[in-house]
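Read the structure below first, then the notes.
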Amino acid sequence: EIRAFLEGGHGDLIVASIKGEPLAAVLVAYEGEAAYYMASISVNHSDIPASHWPLYCAILRARDKGKQRFDLGYLHVDEGMDEKLRGIARFKGGFTRDRRPYLWWNVLNDGAAE
(Lines give C-alpha, C1' and ligand atoms only; values in the text may rest on other atoms or scores of the structure.)
Protein backbone atom coordinates (compact mmCIF):
# COMPACT_ATOMS: atom_id res chain seq x y z
CA GLU A 1 0.00 0.00 0.00
CA ILE A 2 2.80 2.42 0.81
CA ARG A 3 4.55 1.61 -2.47
CA ALA A 4 1.36 2.33 -4.43
CA PHE A 5 0.86 5.52 -2.41
CA LEU A 6 4.37 6.76 -3.23
CA GLU A 7 4.38 5.59 -6.86
CA GLY A 8 1.00 7.27 -7.37
CA GLY A 9 2.54 10.63 -6.43
CA HIS A 10 0.45 10.95 -3.26
CA GLY A 11 3.48 11.54 -1.06
CA ASP A 12 7.19 11.10 -0.45
CA LEU A 13 9.38 9.04 1.83
CA ILE A 14 12.65 10.78 2.64
CA VAL A 15 15.40 8.62 4.17
CA ALA A 16 18.72 9.75 5.64
CA SER A 17 21.45 7.14 5.75
CA ILE A 18 25.13 6.80 6.47
CA LYS A 19 27.31 4.11 4.89
CA GLY A 20 24.16 2.46 3.55
CA GLU A 21 22.50 2.24 6.96
CA PRO A 22 19.22 4.14 7.39
CA LEU A 23 19.23 6.66 10.24
CA ALA A 24 15.92 8.51 9.90
CA ALA A 25 12.89 8.73 7.61
CA VAL A 26 9.94 11.07 7.12
CA LEU A 27 6.68 10.16 5.36
CA VAL A 28 4.70 13.02 3.77
CA ALA A 29 1.30 13.04 2.05
CA TYR A 30 0.16 15.49 -0.62
CA GLU A 31 -3.40 16.75 -0.96
CA GLY A 32 -4.31 19.76 -3.05
CA GLU A 33 -2.04 22.69 -2.24
CA ALA A 34 -0.77 21.17 1.02
CA ALA A 35 1.79 18.65 2.21
CA TYR A 36 1.13 16.80 5.46
CA TYR A 37 3.72 15.34 7.80
CA MET A 38 2.46 11.81 8.44
CA ALA A 39 5.15 9.96 10.37
CA SER A 40 8.84 9.72 11.06
CA ILE A 41 11.30 7.35 12.64
CA SER A 42 14.92 7.66 13.65
CA VAL A 43 17.66 5.43 14.98
CA ASN A 44 19.33 6.78 18.11
CA HIS A 45 22.74 8.13 17.13
CA SER A 46 23.62 10.71 19.74
CA ASP A 47 26.46 12.07 17.63
CA ILE A 48 24.40 12.55 14.43
CA PRO A 49 21.34 14.86 14.21
CA ALA A 50 19.80 12.58 11.56
CA SER A 51 16.17 13.69 11.85
CA HIS A 52 16.68 17.27 10.69
CA TRP A 53 17.66 16.59 7.09
CA PRO A 54 14.74 14.31 6.09
CA LEU A 55 12.18 16.79 7.42
CA TYR A 56 13.89 19.79 5.82
CA CYS A 57 14.27 17.88 2.55
CA ALA A 58 10.56 16.95 2.66
CA ILE A 59 9.66 20.63 3.11
CA LEU A 60 11.85 21.61 0.15
CA ARG A 61 10.40 18.83 -2.06
CA ALA A 62 6.87 19.94 -1.21
CA ARG A 63 7.76 23.50 -2.18
CA ASP A 64 9.29 22.27 -5.45
CA LYS A 65 6.03 20.42 -6.16
CA GLY A 66 4.13 23.71 -5.81
CA LYS A 67 2.63 23.04 -2.39
CA GLN A 68 1.66 26.23 -0.59
CA ARG A 69 1.64 24.78 2.93
CA PHE A 70 3.50 22.11 4.89
CA ASP A 71 1.41 20.96 7.85
CA LEU A 72 3.47 19.55 10.72
CA GLY A 73 0.41 18.52 12.68
CA TYR A 74 -0.28 19.32 16.31
CA LEU A 75 2.59 20.52 18.48
CA HIS A 76 1.96 19.30 22.02
CA VAL A 77 3.66 22.04 24.04
CA ASP A 78 1.53 22.19 27.18
CA GLU A 79 3.19 21.09 30.42
CA GLY A 80 0.35 18.59 30.89
CA MET A 81 1.48 16.65 27.83
CA ASP A 82 3.92 13.76 27.89
CA GLU A 83 7.61 14.79 27.76
CA LYS A 84 8.16 12.81 24.55
CA LEU A 85 5.37 14.74 22.82
CA ARG A 86 6.79 18.04 24.08
CA GLY A 87 10.22 17.05 22.74
CA ILE A 88 8.73 16.28 19.34
CA ALA A 89 6.95 19.65 19.45
CA ARG A 90 10.25 21.44 20.15
CA PHE A 91 11.88 19.66 17.21
CA LYS A 92 9.03 20.39 14.77
CA GLY A 93 8.65 23.93 16.09
CA GLY A 94 12.14 24.71 14.85
CA PHE A 95 10.85 24.40 11.29
CA THR A 96 7.97 26.89 11.51
CA ARG A 97 6.99 30.37 12.62
CA ASP A 98 3.26 29.83 12.12
CA ARG A 99 1.52 28.33 15.15
CA ARG A 100 -2.17 28.10 15.96
CA PRO A 101 -3.28 27.38 19.52
CA TYR A 102 -5.65 24.47 20.15
CA LEU A 103 -7.51 23.54 23.27
CA TRP A 104 -7.29 19.86 24.24
CA TRP A 105 -9.82 18.21 26.53
CA ASN A 106 -8.89 15.01 28.30
CA VAL A 107 -12.09 12.95 28.33
CA LEU A 108 -12.03 9.84 30.50
CA ASN A 109 -14.43 6.95 30.00
CA ASP A 110 -16.03 6.29 33.37
CA GLY A 111 -17.37 2.93 32.28
CA ALA A 112 -20.91 4.22 31.59
CA ALA A 113 -22.81 2.71 28.68
CA GLU A 114 -22.30 4.52 25.41
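For region 1-81, the solvent-accessible area of protein heavy atoms averages 68 Å² per residue (probe radius 1.4 Å; ligands and nucleic acids excluded). Accessible area per residue was computed with a 1.4 Å probe on protein heavy atoms; GLU7 scores about 140 Å². Taken one residue at a time, the phi angles of region 17-33 give Karplus couplings (6.51, -1.76, 1.60, θ = phi - 60°) of 9, 9, 6, x, 9, x, 10, 7, 8, 10, 10, 10, 10, 10, 8, x, 8 Hz. Gly and Pro are set to x.
Scanning residues 5 or more positions from PHE70 or on other chains, those with amide H under 5 Å from its amide H are ALA35, with H placed 1.01 Å from N in the peptide plane. Accessible area per residue (1.4 Å probe, heavy atoms of protein chains only) ranks VAL28, VAL107 as VAL107, VAL28, with the largest value leading.
The values are calculated or read from the model by the stated rules, or taken from the named source; none is laboratory data. This one's a predicted model, so the numbers in the text were calculated from it and none came from an experiment. Accessible surface areas use protein heavy atoms only, side chains included; no ligands, DNA or RNA. Shrake-Rupley method; radii C 1.70, N 1.55, O 1.52, S 1.80 Å.
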